[in-house]
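Working notes for the structure below.
A short reminder: the numbers here are calculations on the coordinates, not readings from a lab. Given the structure is predicted, the values throughout are model-derived calculations rather than measurements. With ideal geometry, Cβ positions are generated from the backbone for all residues, glycine too; neighbour counts draw on all protein chains shown.
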Amino acid sequence: MNKTDLTNLSLPQLTDFLVSLGLPKFRGTQVFAWLYRPNVTDFSNMTDLPKDLRESLAARASFAWPQIAEIERSNDGTAKFGFKLKDDNYIEAVLIPDEERNTLCVSVQVGCAMGCEFCLTGGIGFKRNLTPGEIVGQVIRARDWLNATTDATPGLNNIVFMGMGEPLANFDNLLVALDILTEQRGLDFSERRITVSTCGLVPKIIELGQTTKVNLAVSLHSVNDSIRSQLMPINKKYPVDEVLEACRNFPMPKRKRIMFEYILIRDLNDAEADAAMLAHKLKGIPCKINLLPYNESAGLPFRRPADKTIELFQKTLWKAGYTVLVRSSRGADISAACGQLAGKMIS
Ligand code: SF4
């Protein structure tokens, strides 16, 4: 008999499954809560369930989180986790510790179909979507590792969907994973502490805003269609103005802002005029801008701009009234920085 994998079920879905086995509804909440406690690996750990129920669940269902195959530590404290999946595919997640925040950058696909030119993940193409359990499992493994290896308070408390793959291209599984992450009896993350990043899949941007309250990040990298199409093929389908229109219509409570990611690449999108055009195009969108000086990777032709150029770009946006941060690269020495994931798959 094929066993049902409980890691792929939200609380309502798990409850429906248990009801279909003839169990009362409250067992759904009970079993669900057990799945997300630290160090629960077997139904026998669920000690407040009757023994015969544990045995019958073990016969019909299973749960197992992806195994950590290896961990690389950066000089700056960043940790990159490599996970080997059941089908031998390999994915990565990156833990970025900070004073008040411990952020996990999570993957949603094996590879990626979007083919962004600056990104190593894009270079390997698309293999498959991750299941909800494989997405949530990265969080569980990183949480447990963090708790076991450091006395870090407040623990893992921030999640960004900026790892391998395009989250909105794995939309249904993303939604189930978000349900589990934010469910009080699951991992109990506040939606304010979760950010989903997209390269600009316009129809799904609005749907995400209508279905969830998580933060939105958009990888922009240029507001010039010809440059953006060169960097990100998706721009040919959803050009800059359509992406920005979707952002204007993204349902957001007051004071919440969209985060625009802008990788600065020498002599391509880093001129003062590019900054001025960016400022003009973003007018009216409550936002903040993250500037990411390009992390040079072997095999890719792009270069990091000079520090002075980065400063001037930032100043131009400041003068136009935007909140702009230049994000320092974390984990570049272990290929864990933005756009560098999947080195293992390439090798
Ligand atoms: S940047 Fe994101 S969307 Fe683009 S190829 Fe890389 S993983 Fe895919």
With Cα coordinates, the longest principal axis of the chain makes an angle with the long axis of helix 202-211, in degrees rounded to 10, of 50 degrees
Once fully extended, how much extra length lies between His280 and Ser226, figured as 0.36 nm per residue of separation less the alpha-carbon to alpha-carbon distance?
17.7 nm
Between the alpha carbon centres of the range 1-75 and the range 123-199 the gap in Å comes to 18 Å
Go ahead and set up a Gaussian network model of the chain, Cα springs under 10 Å, then flag whichever of Gln109, Gln314, Gln13 fluctuates most.
Gln13
Using θ = phi - 60° and the Karplus form 6.51 cos²θ - 1.76 cosθ + 1.60, what ³J(HN,Hα) does each residue of the range 75-84 get, whole Hz, x for Gly and Pro?
4, 8, x, 4, 10, 9, 9, x, 10, 9
With θ set to phi - 60° and the Karplus curve 6.51 cos²θ - 1.76 cosθ + 1.60, what are the ³J(HN,Hα) couplings of the range 96-105 in order, to the nearest whole Hz, using x for Gly and Pro?
10, x, 8, 4, 9, 9, 10, 9, 10, 9
Please build a GNM for the chain, connecting alpha carbons under 10 Å apart, and tell me which residue among Gly155, Gly122, Gly165 fluctuates the most.
Gly155
FRET E, pair Thr153, Glu296, Förster distance 41 Å, beta-carbon r, rounded to 0.05
0.70
For the chain, set up a GNM with springs between Cα atoms under 10 Å and report which of Leu104, Leu49, Leu146 has the largest fluctuation.
Leu49
Integer Hz, Karplus 6.51/-1.76/1.60 couplings in order for the range 25-32, x for Gly and Pro
4, 4, 5, x, 4, 5, 5, 4
Say R0 is 51 Å: what FRET efficiency, to the nearest 0.05, do Val326 and Asp52 get from their beta-carbon distance?
0.30
Using the Cα centre of the range 150-218 as origin and beta-carbon charges of +1 (Lys, Arg) and -1 (Asp, Glu), tell me which of Thr182, Asn215, Val160 is placed farthest towards the positive end of the dipole.
Asn215
Using the beta-carbon distance between Arg37 and Leu312 and R0 = 45 Å, what value does 1/(1 + (r/R0)^6) give for FRET efficiency, to the nearest 0.05?
0.30
For the range 67-346, size of Cβ-based charge dipole, Lys and Arg +1, Asp and Glu -1, in debye
580 debye
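On a full-extension model of 0.36 nm per residue, what is the gain between Lys3 and Arg248, subtracting their alpha-carbon distance, rounded to one decimal in nm?
The Lys3-Arg248 span can extend by a further 83.8 nm.
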Of Lys281/Lys308; Lys204/Lys237; Lys84/Lys204; Lys80/Lys204; Lys213/Lys256; Lys3/Lys127, which sit over 22 Å apart, Cα to Cα?
Lys281/Lys308; Lys84/Lys204; Lys80/Lys204; Lys3/Lys127
